[in-house]
Structures are given as C-alpha cells and as structure tokens.
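Here is the structure we will look at.
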Amino acid sequence: MIIYEDTELYIEKELSEIPWLKIFTKEPYRELGDVPKDLRAKLWKIYDILEREMREYYNPKKINMASFANMLPRVHIHVMARFENDSYFPNPMWGEKLREANLHLPDEEEFYKRVKKALLND
C-alpha cells in the first residue's frame, strides 16, 4: 500500500506487526551512488521525517534502517520502529522469531496522516 507519492519518490507500507515503511525512488536506480545528488538529498530528508514521526508517534525502543536491495535490486530504504516486545527484537525483522508479539500500538491511519502532513509541510 502506497501512503505517499510525488514525482520522484513514493513511500510504501510493509505488512508487518511493527510500523515499517519503505522509501522508493520512482526511477529504478540500482545503487544509491547512481541516484542524482539532489534526489539523494531529498531521499535522506524524507528518511529524517519518517524517523522523527515514528519516534514521536510510536515511542519505539529503536528505529532500524536498512537497504539491502538484493532481492529487489533497486534503491529503497526500510524504516522500522522496533519494540522490545515485538516478535524478533533484538534480532532483525528478517532474523529468527523469538516470541509472539505483545504490541499495543496507536492507530496506523493516524500515523499515516501525520506523515503526509509532515512531508507536505517540510
């Protein structure tokens, strides 16, 4: 599900027990170094906004950021709010599941509204 889009980038929700967003460039650049400098700066600015909004809204233990792009060989950045009682913590979300999650998170639709507002106002 795409929660934000402009002419150069879009943000997609990853289906997960945790708040997890992915930032994609619309142009399928293979490596971050291939992304034009201005767009790279915009990518990091959007990352900063998502991290700030996740921290303020969800109050996670940690924000994880990842960009492997082995399975999907194009530039995209994962932004994940992590909690001590999520199923995988402290392992990565791609790692071994350690327990059943016990998360009581606020409404994600409200979070998406906050993100859109922050992106449009920045």
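So here's what we get for this one:
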{"read-out": "Eligible lysines near LYS26 by straight Cα distance, threshold 29 Å, same-chain separation 8 or greater", "value": "LYS13, LYS37, LYS42, LYS45, LYS62, LYS113, LYS116, LYS117"}
{"read-out": "Neighbour net charge for LEU39 - beta-carbon separation under 12 angstrom, K R +1, D E -1", "value": "0"}
{"read-out": "Three-way shape label, the stretch 39-83, alpha-carbon gyration tensor, a/c 1.5", "value": "oblate"}
{"read-out": "Mean ellipticity per residue at 222 nm, deg cm²/dmol - from DSSP H runs of n ≥ 4 across the chain, formula -39500 (n - 2.57)", "value": "-10000 deg cm²/dmol"}
{"read-out": "DSSP-defined beta bridges in the stretch 2-121 - what % are antiparallel, rounded to 5", "value": "100"}
{"read-out": "Cα long-axis angle, helix 37-58 against the chain (0 to 90 degrees, to the nearest 10)", "value": "20"}
{"read-out": "Highest-first arrangement of 26-38, 2-14, 47-59, where packing means the average Cβ count within 10 Å", "value": "47-59, 2-14, 26-38"}
{"read-out": "Calculated FRET efficiency for the pair GLU100/TRP44, C-beta based, R₀ 41 Å, to 0.05", "value": "0.70"}
{"read-out": "Between helix 108-121 and the chain: long-axis angle, C-alpha atoms, 0 to 90°, nearest 10", "value": "30"}
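Just so you know, all these numbers are worked out from the coordinates, no wet-lab data involved. Since the structure is predicted, the reported quantities are computational estimates derived from the model, not experimental observations. Note that each Cβ is placed from the backbone with ideal geometry, even for glycine, and that neighbours are counted across all protein chains shown.
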